[in-house]
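One structure is given below, encoded as structure tokens.
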């Protein structure tokens with residue numbers, strides 16, 4: 001089974017299901033900017049790279065949509081610091 005990051009625009013969050021557990025990255029959309037406000041990874045999935053895969057997939061979607069990012073969430077901010085190749089997305 002392939003893990004796929006999906007956007008649920010009605011709930012304003014990106015989701016990644018792994019082993020029946022759901023990791024989320026909540027956001028607010030402001031014009032052409034996606035403001036990431038909270039990332040949540042279930043305890044059972046912590047330390048397994050799930051959060052990073054979730055954010056990588058979310059940023060891929062943001063890029064495809066031609067949008068920009070503001071990282072109010074500390075996890076997303078740290079991810080962006082460690083992935084300079086994504087800096088062009090930062091508003």
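The condition of being surrounded by fewer than 16 Cβ atoms within 10 Å (Cβ to Cβ) and either in contact with a helix residue (DSSP H, G or I) (Cβ under 8 Å, 6 or more places away or on another chain) or over 17 Å from residue 80 (Cα atoms) (or both) holds for residue 10. State yes or no: is residue 85 in a helix (DSSP H, G or I) and without any contact (Cβ under 8 Å) to a residue 24 or more places away in the chain? Criteria met by residue 85. Scanning region 40-85 for residues that are in contact with a helix residue (DSSP H, G or I) (Cβ under 9 Å, 6 or more places away or on another chain) and modelled with pLDDT under 95 yields one hit, 45. Scanning region 28-43 for residues that are touching a residue at least 24 places away in the same chain (Cβ under 8 Å) and within 12 Å of the chain's Cα centre (by Cα) yields 34, 35, 36, 37, 38, 39.
Can you say whether residue 77 is without any contact (Cβ under 8 Å) to a residue 12 or more places away in the chain, surrounded by 12 or more Cβ atoms within 10 Å (Cβ to Cβ), touching a strand residue (DSSP E or B) at 6+ places or on another chain (Cβ under 6 Å) and closer than 17 Å to residue 26 by Cβ, as far as the supplied structure shows?
Numbers: without any contact (Cβ under 8 Å) to a residue 12 or more places away in the chain: yes; surrounded by 12 or more Cβ atoms within 10 Å (Cβ to Cβ): yes; touching a strand residue (DSSP E or B) at 6+ places or on another chain (Cβ under 6 Å): yes; closer than 17 Å to residue 26 by Cβ: yes.
Here the answer is yes, as residue 77 does meet what is asked.
Residue 4 falls short on exactly one of the conditions (1) exposed (fewer than 12 other Cβ atoms within 10 Å of the Cβ); (2) more than 18 Å from residue 59 (Cβ to Cβ); (3) touching a strand residue (DSSP E or B) at 6+ places or on another chain (Cβ under 9 Å), and that condition is (2).
The values are calculated or read from the model by the stated rules, or taken from the named source; none is laboratory data. As the structure is a computational prediction, the values presented were derived from the model and not from experiment. Glycine gets a Cβ as well: all are built from the backbone with ideal geometry, and neighbour counts include every protein chain shown.
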